[in-house]
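Here's the structure, in structure tokens; my notes come after.
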Amino acid sequence: MSDINIESLVRENIRKLKPYRSARDDFEKGLLLDANENSLGSVVRNSLDLHRYPTPAHDQLRKKIADWRQVDFENIFLGVGSDEPIDLLMRIFCEPGKDAIITTPPTYGMYKVAADINNVGVKEVLLTEKFQLRVDDILASTDESTTLLFLCSPNNPTANDLKQTDLLKLATKFPGIVVIDEAYIDFSSRESSAQLVQQYPNLVVLQTFSKSFGLAGIRLGIAISSPEIIQFMLKVKAPYNINKLSADVAMKAFDNMELLKFNIEKILDERDYVAEQLSHADAVEKVYPSDANFLLFKIKNSKEVYRKLAEKGVIVRYRGNEPHCEDCLRVTIGMPDENARFLKTLKEIVS
Ligand SMILES: Cc1ncc(COP(=O)(O)O)c(C=O)c1O
């Protein structure tokens, strides 16, 4: 809703919250005797002044990300993975024991887990059998309590993009905050929705360094949204949530964007190869189209196949308990030799 009043959706205690302030919010240079650090230095040799706390907001890194996604610096929030912004959004917009989020299963499990942790309700509006949104059903299920809608595109575990027209319709009509989780966007041929935050103040786009950048180990996630929502997220986050080591590696990643593109292309080629090979296996009933770095496929005796693969050291994800995913396994695209081993082991099991 472009004319939505964001502040009216924010919990009263968060609106009134006086955030923690450290002296570093005002001064980053000088004789720093304000934060009870160890001025003698770190016991581990390093070039990052690790004996000092990191900057609270990481403006330099936020600027880099903003340039890359062609939005403004004020549109960027950094979290410990994208799991942190998911949790923060619930703490900002959902009154525990009263409000609810809407999710569209089968989808990423953390939305529900974060809601359960925060004692926030979950309304589920299933995707269609083709794994697309039921837009009218979602809108019909909204009421005063449903402040947050979580959408995931490309979706995990189904691997497909959601239709852009549906995303736009929901961003326009949903009377609350619409989150589009784009963890896998760089593997998709669809454009990111990041720039839409300039038009839709209720939109939050989540991205991450964990997938296309190959940096799951640094735990760095991104929320892109209107400056108003970003300000609430900055207000609620822990004072120094992003550590110096992660920020330093993320800055360096932007010097290696050719490698990022090269790796994405390689993963997409391998994905097409694995999908084709899977589709030739007799036991495989369906390989679902993928816009991500993984494949969802339906296979006879899926639970047994999953167990036997694991016994042979090949770990995939059983997704057969998810709606519309009966007998489905999810496999991440690995290195060429890993994919070959997966395919060979699977063939041995099902032949
Ligand atoms: C859709 C989706 N969103 C978010 C995440 C979590 O990402 P991060 O590593 O940034 O916490 C995942 C992880 O698999 C995911 O599949």
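Every condition in (1) under 19 Å from Gly81 (Cβ atoms); (2) away from the ligand (no atom under 15 Å from the Cβ) holds for Ser153 except the one numbered (2).
Restricting the first member to the stretch 201-220 and to residues that are closer than 20 Å to Glu191 by Cα and assigned by TED's automatic domain parsing to the domain that holds Leu168, and the second to residues that are near the ligand (Cβ under 8 Å from one of its atoms) and not in a helix (DSSP H, G or I), the beta-carbon pairs closer than 6 Å and six or more apart or on different chains are Leu206/Ser82; Leu206/Asp181; Thr208/Ser82; Thr208/Ala183; Thr208/Gly221; Phe209/Leu220; Lys211/Ala183; Lys211/Tyr184. Here the condition is being outside the structural domain of Phe131 (by TED's automatic domain parsing), surrounded by 15 or more Cβ atoms within 10 Å (Cβ to Cβ) and out of contact with any Cys (no Cβ under 7 Å at 6 or more places or on another chain); of Phe342, Phe297, Phe232, Phe262, it holds for Phe342 alone. The set of residues in the stretch 203-257 that are β-branched (Val, Ile, Thr) and within 12 Å of the ligand (Cβ to nearest atom) comprises Val205, Thr208, Ile218, Ile222.
Residues are listed down the side, and each one gets a yes or a no for (1) touching a residue at least 24 places away in the same chain (Cβ under 8 Å); (2) within 20 Å of Ser153 (Cα to Cα):
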site: Tyr273; (1), (2): yes, no
site: Ser279; (1), (2): no, no
site: Glu285; (1), (2): yes, no
site: Tyr288; (1), (2): yes, yes
site: Glu304; (1), (2): no, no
site: Lys308; (1), (2): yes, no
site: Glu311; (1), (2): no, no
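So, Gly97, is that one surrounded by fewer than 18 Cβ atoms within 10 Å (Cβ to Cβ), more than 30 Å from Lys63 (Cβ to Cβ) and within 14 Å of the ligand (Cβ to nearest atom) or not? The answer is no for Gly97. Of all residues in the stretch 207-214, at least one satisfies being more than 29 Å from Ala340 (Cα to Cα) and surrounded by 15 or more Cβ atoms within 10 Å (Cβ to Cβ).
The values are calculated or read from the model by the stated rules, or taken from the named source; none is laboratory data. This structure is a prediction, so every number in the text was calculated from the model and none was measured. In this analysis, Cβ positions are derived from the backbone assuming ideal geometry, glycine residues included, and neighbour counts consider all displayed protein chains.
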